[in-house]
1. Mind giving me the FRET efficiency for HIS45 and ALA218? R0 is 22 Å, r the Cβ-Cβ distance, nearest 0.05 is fine.
2. What is the distance, in nm, between label points placed 7 Å from the Cα along the Cα-to-Cβ direction at ALA233 and at ALA104?
3. May I ask you to compute the full-extension gain from ARG314 to LYS187, defined as 0.36 nm times their residue separation minus their alpha-carbon distance, rounded to one decimal in nm?
4. Given the Cα-Cα distance of ARG115 and ASP70 and 0.36 nm per residue of separation, how much length would full extension add, in nm?
5. How long is the gain from GLU255 to VAL78 if the chain were fully straight, where each residue apart is worth 0.36 nm and the alpha carbon distance is subtracted?
6. Which order, highest average first, do 63-69, 282-288 follow once you tally other Cβ atoms within 10 Å for each residue and take the mean per peptide?
7. What is segment 30-71's relative contact order, in percent, from Cα pairs under 8 angstrom and six or more apart in sequence?
8. When the chain is modelled as a GNM with alpha-carbon springs shorter than 10 Å, which of ASP142, ASP70, ASP225 fluctuates the most?
Amino acid sequence: MAAPRKIIIDTDPGQDDAVAILLALASPELTVLGITAVAGNVPLHLTARNARIVCELAGRPDIPVFAGCDRPLARALVTAEHVHGKTGLDGPTLPEPAMALQDAHAVDFIIDTLRAEPAGSVTLCPLGPLTNIATALGRAPDIAPRIAEIVLMGGAYFEVGNITPAAEFNIYVDPEAARIVFGAGVKLTVMPLDVTHKVLVTASRNAAFRALGTPVGAAVAAFTDFFERFDRAKYGTDGAPLHDPCVTAYLLRPELFSGRHVNVEIETLSDLTRGMTVADWWRVTDRTANATFIGGVDADGFFALLTERLGRLR
Ligand code: RIB
Ligand code: CA
C-alpha cells in the first residue's frame, strides 16, 4: 500500500461530520494529522467538544483537536440546531470528552502543519463553514501552493439550497470565506448537495450500521435516526443524506464519484442569493474552471465502503 494520505479535517460536528471523521479514522489509507473545529452547526465550544467525543468513540484520544474561529469572517454566526439538536450531536448518549483540547488555535495548526510538512503532501478536508481555512490563507498566503488539495462538502447547483432557496448551509454561513477558498488557486474538489442528497440512510442501510453490533455501529445508527428528521420533513426523502462522509469516501475511492471541472463562483453581495455557488456546469462563460464539482455517486458502493470501514472500529 502507498504511504497513507495526510489530511486535516476541519469540521463543525454535526452527526454527518461525526460519520465522516469515523470513516477517516477507520481507514489506514489516511493519516489524520489533526482535527480543527469551527463554528457552524452549533457554536464553537460545542463543535470542539463534539470532535473530541467522536475521536474517543473511535478509540483515538491521540488525535489532536484544535478550536478555531467562533464566527464567520464578516457576518453573525448562523447555526443549525433545528437539524442537529441543541448539542449538535443529538441521537446517542455519549460521554463528555476526557481528552483535552489542544492549546494552539486551529488556524495556527493549519498554517504550521502546512509549512512543516513537505509541500503538496497535506489535503484539507473542510466539512463546515470555511472560516478557519480562509483565515489561514489570509494570514499565510504562502501555504496555498503547499496544499495538495482541498476536498470540501458545500454548495449546491441543480439541488439548490437547504438553508435558503439559493444556498447550502456551509457556504451560506460564511460566503466571504468561501469566496477566498474558491479563489485561492488550490486544487479543489467540491461535494455539493447535488451528490450528498444521493446517499440517503434508508432503513436497510441504518439497520446495517446497527447490525455491526458495536458501540460505533449503534452510535452511527442513532446519529442518522436523529439527523434524518429534517430532511424527511422537508424533502420527503427516505433517510438522512450523509453529506460530509462523501468527502472521506472520495479520498478513499474517488471512482465511486463523478463530476465536472468547472468554474464556481460564490455570491456574497445579494441578500436574496447570499452563499449561492454559481457553478458554470454548462460552460456558458469564459470564467476559469476552479473546482471539480461532483454530481454523481454509486450510492450502494458508498454504503458498502462506509459500513465495512465502520465495522473495523470497536
Ligand atoms: O448543508 C450540509 C452541511 O451543513 C453539512 O456539512 C452539515 O454538517 C452542515 O454543516
Ligand atoms: Ca458539517
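1. Efficiency, rounded to the nearest 0.05: 0.25.
2. A separation of 4.1 nm, rounded to one decimal place.
3. Difference between extended and current length: 42.2 nm.
4. 13.8 nm
5. My answer for the length gained is 60.3 nm.
6. Values: 63-69: 23.3, 282-288: 9.7.
In descending order of packing, they fall as 63-69, 282-288.
7. 54
8. ASP142
Coordinate-derived values only; no laboratory data. Computed from a predicted model, the values in this text were never measured in an experiment. Positions of Cβ are generated from backbone atoms using ideal geometry, with glycine treated the same way; all protein chains shown enter the neighbour counts.
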